[in-house]
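Working notes, structure below.
The values are calculated or read from the model by the stated rules, or taken from the named source; none is laboratory data. What you are looking at is a predicted structure, and each value in this text was computed from that prediction instead of being measured. Glycine also receives a Cβ, built like all others from the backbone with ideal geometry; neighbour counts cover every protein chain displayed. Remember, those area values only see protein heavy atoms, side chains included, never the ligands or the DNA or RNA. Shrake-Rupley method; radii C 1.70, N 1.55, O 1.52, S 1.80 Å.
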Amino acid sequence: MFRYLPWITIVLLLVGCLVFWRLQPWLLYAAAVLAPFSLTGLYDVFQRKHSLWRNYPLVARIRWVAEELHPFLRAYIVESETEGRPFNLEDRAMVYRRAKNVSSVEPFGSHLDMDKPPYEWLAHSIAAQHPTESDPRVMVGAPGTSQPYSTSVFNISAMSFGSLGAHAISALSKGAALGGFYHDTGEGGVSRYHRQGGGDLVWELGSGYFGCRASDGSFDAAKFAETSADPQIKMIEVKLSQGAKPGHGGVLPGEKVTAEIAEARGIEIGQTCISPPSHSSFSTPIEMLEFVARLRDLSGGKPVGIKFAVGNRWETLAICKAMLETGLRVDFMVVDGGEGGTGAAPAEFLDHVGTPLRQALVLTRNALVGTGLKDEVRLACSGKQISAFSMASSLALGADWVNTARGFMFALGCIQSLNCHNNTCPTGIATSNMSRQRGLVVEDKAIRVRNFHHNTVKALMEVVGAAGCAHPSELTPRHVMHRVTEDISYTAERAYQLISNGQLLDAPDETQLAEEWRMAQAASFHPAI
């Protein structure tokens, strides 16, 4: 009976207050406070869903409160500046300061353990420069692309309307317009809120073909041509997979398909729709390239690329073999690291499916360089890229530009409450609840989005100058040093076994990809046995 004692004590106190309140009127107020606790305990005793509540009425709810407060207590009281996950306090604070346009310098030295692998650093130059370029850009468009696009080296990664609320999408689009960089729509289609801010858009086309979807869920060429003609859409990105949940697909229940969601996705209001794990328009590398070429023609010559998380290494090599065999090219490839975020995904996919960004970027870079395609096909990457060093190291390893999603969410005010999947985002970002979205003022947050981009690119150019370079494209793998052990460090070129230009064509057996190169085939994503 001891476990019932706290609740019984409150009940007895309530009874006492009700009996003696005429002698002491203030006891009526005490009774009003005690009554909810007494009734809650009574409910706990007789409910059948929670064993702890039945055995420890009222007291067991302390555990529930602790679980709800755990992310906040951990993030702001328990953890050090560099311990937090997915993003630590130091990283989040850096984004907040840059978004607010205040100094992001740190005192007294680094919090990182520089003596332990896999610590990396940038090799600076005695002949450091002060680059005059403040807005470095990259031209995207394979040979023959009639509407090439000049992109910033730092852009907003894919986030769909629906996973983010209307205010957040509008603020991102407006911030992109103010800063002169692009906003990836995510696979949920081009919504009115993506267009509202006036920013450049990259239309992400997933397996659900939202925005150009036929009634049976297949690709509708006429709808695609109509939407892609929008001058605000600068490029099209065919999503093969995403780092947070590659090969997973998804279902959008009909009750979540509001009028605005239906408008953006090109589906009926209240209609449940499925995004299959793979595309129905192609099933082989060659068919994929033919689909890309078709999209380029239908869009009037806009750059068309692919986004994917690296899985089987021979599949990435198969795409390169298909480009060599057909002469067709994707305009760009976006590599999404396994550490990328999403609104909701199974824990197994978040933690153990999909190659981490550094290894995925190196593999794709080796595939393009080894086949001599790197000069024609642009390479981008995404996945926890929010600092100038993370950008510089990715650019040095072969990326032409970098995208981030959660970085710009922090710029909007995200506090990493981990409620993205519950529709209860406290900052009004990852929610469709209009009362919660009210807290996000579009005009104010758009400026913060612009500031974060501007100050991060400014910091990047300072790092580039320290390396003795004038433009990010001049960074090479030799600029990045990688600690292999506590006593040994190599340049990234040696640490990651980077392949030289054309080596997969001329001497594949001298590379670490020899076996996968033999397995890769242009006519199939399956390995050649």
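Each row is one residue, and each column tells you yes or no for (1) crowded, with 20+ Cβ neighbours inside 10 Å; (2) modelled with pLDDT under 95; (3) within 21 Å of the chain's Cα centre (by Cα).
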site	(1), (2), (3)
421	no, yes, yes
426	no, yes, yes
430	yes, yes, yes
434	no, yes, no
440	yes, yes, yes
458	no, no, no
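Residues 448, 378: which one is closer than 19 Å to residue 177 by Cα and either open to solvent by 20 Å² or more (accessible area, probe 1.4 Å) or more than 19 Å from the chain's Cα centre (by Cα) (or both)? Please lay out each step first, then the result.
Numbers: 378 fails: closer than 19 Å to residue 177 by Cα.
Sole residue among the options that is closer than 19 Å to residue 177 by Cα and either open to solvent by 20 Å² or more (accessible area, probe 1.4 Å) or more than 19 Å from the chain's Cα centre (by Cα) (or both): 448.
Sort out which residues of the stretch 364-389 are assigned to a loop (DSSP other than H, G, I, E, B) and in contact (Cβ under 8 Å) with a residue 24 or more places away in the chain, and write them in order of number.
Within the stretch 364-389, the first condition is being assigned to a loop (DSSP other than H, G, I, E, B), and the residues that meet it are 371-377, 383-387.
Hits for the stretch 364-389 are 371, 372, 373, 374, 376, 377, 383, 384, 385, 386, 387.
List pairs: first residue in the stretch 477-490 and assigned to a loop (DSSP other than H, G, I, E, B) and of a type outside the set (A, V, I, L, M, F, W, C), second residue surrounded by 13 or more Cβ atoms within 10 Å (Cβ to Cβ) and modelled with pLDDT under 95 anywhere in the structure, Cβ distance under 7 angstrom, at least six positions apart or on different chains.
485/117
If you check 360, 345, which single one turns out to be part of a loop (DSSP other than H, G, I, E, B) and either open to solvent by less than 30 Å² (accessible area, probe 1.4 Å) or under 17 Å from residue 309 (Cα atoms) (or both)?
345
From the list 80, 134, exactly one residue is open to solvent by 80 Å² or more (accessible area, probe 1.4 Å), farther than 24 Å from residue 206 by Cβ and small (Gly, Ala, Ser). Which is it? Before the answer, list the steps.
Working: 80 fails: open to solvent by 80 Å² or more (accessible area, probe 1.4 Å).
Testing whether each residue is open to solvent by 80 Å² or more (accessible area, probe 1.4 Å), farther than 24 Å from residue 206 by Cβ and small (Gly, Ala, Ser) leaves just 134.
Out of curiosity, is residue 380 closer than 23 Å to residue 163 by Cβ, modelled with pLDDT under 95 and among the hydrophobic types (A, V, I, L, M, F, W, C)?
No: the conditions fail for residue 380.
Restricting to the stretch 220-247, count the residues that are among the polar types (S, T, N, Q), over 20 Å from residue 380 (Cα atoms) and either crowded, with 23+ Cβ neighbours inside 10 Å or in contact with a Lys or Arg (Cβ under 8 Å, 6 or more places away or on another chain) (or both).
Of the residues in the stretch 220-247, 2 are among the polar types (S, T, N, Q), over 20 Å from residue 380 (Cα atoms) and either crowded, with 23+ Cβ neighbours inside 10 Å or in contact with a Lys or Arg (Cβ under 8 Å, 6 or more places away or on another chain) (or both).
Only one of these is out of contact with any strand residue (DSSP E or B) (no Cβ under 7 Å at 6 or more places or on another chain), among the acidic types (Asp, Glu) and surrounded by 14 or more Cβ atoms within 10 Å (Cβ to Cβ): 90, 67. Name it.
Selected residue: 90, the only one of 90, 67 that is out of contact with any strand residue (DSSP E or B) (no Cβ under 7 Å at 6 or more places or on another chain), among the acidic types (Asp, Glu) and surrounded by 14 or more Cβ atoms within 10 Å (Cβ to Cβ).
Do we have any residue at all in the stretch 147-165 that's of a type in the set (A, V, I, L, M), over 24 Å from residue 386 (Cβ atoms) and modelled with pLDDT of 90 or more?
No, because not a single residue in the stretch 147-165 is of a type in the set (A, V, I, L, M), over 24 Å from residue 386 (Cβ atoms) and modelled with pLDDT of 90 or more.
Could you check the stretch 101-131 and list, in sequence order, the residues that are β-branched (Val, Ile, Thr), open to solvent by 90 Å² or more (accessible area, probe 1.4 Å) and within 17 Å of residue 386 (Cα to Cα)?
The one that is β-branched (Val, Ile, Thr), open to solvent by 90 Å² or more (accessible area, probe 1.4 Å) and within 17 Å of residue 386 (Cα to Cα): 105.
Just name the residue that is nearest to residue 56 (Cα to Cα) out of those in the stretch 1-18 that are open to solvent by 90 Å² or more (accessible area, probe 1.4 Å) and either modelled with pLDDT of 90 or more or charged (D, E, K, R) (or both).
Once the filter is applied, the top-ranked residue is 3.
What pairs come out if I take residues in the stretch 499-520 that are within 17 Å of residue 311 (Cα to Cα) and pair them with residues that are aromatic (Phe, Trp, Tyr) whose C-beta lies under 6 Å away, six or more apart or interchain?
Cβ pairs passing all conditions: 516/314; 519/314; 520/314.
Would you check which residues across the stretch 194-219 are open to solvent by 10 Å² or more (accessible area, probe 1.4 Å), assigned to a loop (DSSP other than H, G, I, E, B) and either more than 26 Å from residue 282 (Cβ to Cβ) or in contact with a Leu (Cβ under 7 Å, 6 or more places away or on another chain) (or both) and list them?
197, 198
Look at the stretch 171-193 and say how many of its residues are open to solvent by 10 Å² or more (accessible area, probe 1.4 Å) and either in a strand (DSSP E or B) or over 20 Å from residue 334 (Cβ atoms) (or both).
Matching residues across the stretch 171-193 total 5.
Return the total of residues in the stretch 149-188 being in contact with a His (Cβ under 8 Å, 6 or more places away or on another chain) and either among the charged types (D, E, K, R) or over 24 Å from residue 224 (Cβ atoms) (or both).
The total comes to 5.
What's the number of the condition residue 392 fails, among (1) open to solvent by 10 Å² or more (accessible area, probe 1.4 Å); (2) part of a helix (DSSP H, G or I); (3) under 27 Å from residue 354 (Cα atoms)?
Result: residue 392 fails condition (1) only.
Filtering the stretch 322-342 down to residues that are of a type in the set (Asp, Glu) and farther than 20 Å from residue 235 by Cβ, which residue is most open to solvent (accessible area, probe 1.4 Å)?
If we take residues in the stretch 322-342 being of a type in the set (Asp, Glu) and farther than 20 Å from residue 235 by Cβ, then 325 is most open to solvent (accessible area, probe 1.4 Å).
For the stretch 491-511, give me each residue that is assigned to a loop (DSSP other than H, G, I, E, B) and either over 25 Å from residue 394 (Cα atoms) or open to solvent by less than 70 Å² (accessible area, probe 1.4 Å) (or both).
496, 498, 499, 500, 502, 507, 511
Pick out the one residue from 99, 93 that is closer than 27 Å to residue 414 by Cβ, in contact with a Lys or Arg (Cβ under 8 Å, 6 or more places away or on another chain) and of a type outside the set (Phe, Trp, Tyr).
Exactly one of 99, 93 is closer than 27 Å to residue 414 by Cβ, in contact with a Lys or Arg (Cβ under 8 Å, 6 or more places away or on another chain) and of a type outside the set (Phe, Trp, Tyr), namely 99.
Just checking, does the stretch 293-309 include any residue being in contact with a His (Cβ under 9 Å, 6 or more places away or on another chain) and not hydroxyl-bearing (Ser, Thr, Tyr)?
Scanning the stretch 293-309, I find no residue that is in contact with a His (Cβ under 9 Å, 6 or more places away or on another chain) and not hydroxyl-bearing (Ser, Thr, Tyr), so the answer is no.
When you go through 150, 110, 103, 146 one by one, which is the residue that is touching a residue at least 24 places away in the same chain (Cβ under 8 Å) and polar (S, T, N, Q)?
Sole residue among the options that is touching a residue at least 24 places away in the same chain (Cβ under 8 Å) and polar (S, T, N, Q): 146.
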